[in-house]
Amino acid sequence: MTEVAIVMGSKSDLPVMQAAADILDQFGVTYEIGIVSAHRTPEKLFDFSTNAHKRGIKVIIAGAGGAAHLPGMIAAMSPLPVIGVPVKSSNSIDGWDSILSILQMPGGVPVATVALNGGKNAGILAAQIIGSANKAIQEKVIEYKVKLREEVEKASEELKK
């Protein structure tokens, strides 16, 4: 059963959102990936948002640029945790419009927000959420963090040489 849904507002967001898919592959977390535009396909947005949990999805990663309403609208309609990825797009104001559209949600409609173009961190956060109920995934996340620490320690030692 698919655990994570990765959605984006348009195909131009794929390079950023692919990083989420790549890290989920590394952790062995199953996912689906697709395009759901808040503005161009509102009926698809409604269907996706209200039914994802019924299909077994546990976490939604939603990326969008510009006005970036996708993550917030999904969070408004879905009982699932939503991780928003602001995307610096060709029509954005240096990414700030996307960041603020996703970050500044009203009370009662939370969206966990990662950094601008932070698809990788969105994937890691999704794996951590899945790992809270799946020991095998949690162990892979722990191993990943150990490896990060070891890489930093190695780089530090190399600087001393």
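The values are calculated or read from the model by the stated rules, or taken from the named source; none is laboratory data. For clarity, every value in this text was computed on a predicted model and none was experimentally measured. Here the Cβ positions follow ideal geometry from the backbone for every residue, glycine too, while neighbour counts run over all protein chains shown. SASA here: full protein model, heavy atoms, side chains in, ligands and nucleic acids out. Shrake-Rupley method; radii C 1.70, N 1.55, O 1.52, S 1.80 Å.
On the basis of being closer than 16 Å to Tyr31 by Cα and either within 13 Å of the chain's Cα centre (by Cα) or open to solvent by 10 Å² or more (accessible area, probe 1.4 Å) (or both), does Val87 make the cut? No: the conditions fail for Val87.
Look at segment 63-84: where a residue is more than 16 Å from Gly108 (Cα to Cα) and a partner is in a helix (DSSP H, G or I) and hydroxyl-bearing (Ser, Thr, Tyr), sitting 6+ places away or on another chain with Cβ atoms under 6 Å, you get Gly65/Ser98; Ala67/Ser101; Ala68/Ser98; Ala68/Ser101. Helices (runs of 4 or more DSSP H) fully within segment 92-161 that include at least 2 residues being more than 20 Å from the chain's Cα centre (by Cα) and acidic (Asp, Glu): 135-160.
Checking each residue in segment 8-20 for being more than 16 Å from Ile129 (Cβ to Cβ), in contact (Cβ under 8 Å) with a residue 60 or more places away in the chain and within 13 Å of the chain's Cα centre (by Cα) picks out Met8, Gly9, Asp13, Val16, Met17, Gln18, Ala19. Across segment 54-84, the number of residues qualifying as buried (at least 20 other Cβ atoms within 10 Å of the Cβ) and among the small types (Gly, Ala, Ser) comes to 9. The number of residues in segment 101-114 being over 11 Å from Ala20 (Cβ atoms) and either open to solvent by less than 60 Å² (accessible area, probe 1.4 Å) or of a type in the set (Val, Ile, Thr) (or both) comes to 7.
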